Amino acid sequence: MTKWAASLIRLSNHEVETLQKRLAEVVDRRETAQMKLATMEAEAEIEIRNAEGDASAGWYMIGYRKGLEVRRAETLLEIDQIAIEETGARDALSMAFENLKKYEHVAETAKAALAKKVGKLEMAALDELGLRRAAMGGR
């Protein structure tokens, strides 16, 4: 493999690894936001059940529900934004992987062409050796 091909492949591998780490980080953030939403909804259920038996909790629940709606909307917006970022990260990783495969294919093709050329040179050298021996009388 030529130096330039090895360098391209090495750089491409590094890019793929970097993008894989970025994607993992984005997925972790999305999962954390989804867990935050699930926890928020579970806490809301508990608050609602606790308030059902208490008449004085009615005013408290109005504010709690409005606050919950705001926090829930913010969290859903955060999840949507992270999902968009995740799509971009997946696309970038896919393109980087495609480029890596192209570089590897080019390197393999160049390696095969070099092996073919070396084979032809060896055959030419053997043919020349055979012709010289024949010219010298087969000694």
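Just how large is the dipole of the chain about the Cα centre, in debye to the nearest 20, putting +1 at every Lys and Arg Cβ and -1 at every Asp and Glu Cβ?
In debye, rounded to 20, the chain gives about 1600.
From the P(r) of the chain, can you give the percent of Cα pairs sitting at distances over 19 Å?
Here the long-distance tail beyond 19 Å is 72 percent of all Cα pairs in the chain.
Applying the Karplus parametrisation 6.51 cos²θ - 1.76 cosθ + 1.60 with θ = phi - 60° to the phi angles of region 106-112, what ³J(HN,Hα) value in whole Hz is obtained for each residue in order, glycine and proline being reported as x?
4, 5, 5, 5, 5, 5, 5
Provide the net charge surrounding SER12, with neighbours chosen by a C-beta distance below 13 Å and charges set as Lys +1, Arg +1, Asp -1, Glu -1.
Taking every other residue near SER12 into account, the sum is -1.
Every read-out reported here was derived from the displayed coordinates using simple, explicitly stated rules and does not represent laboratory data. Values in this document were obtained by computation on a predicted structure and should not be read as measured data. Using ideal geometry, Cβ is built from the backbone for each residue, glycine included, and neighbour counts are taken over all protein chains shown.
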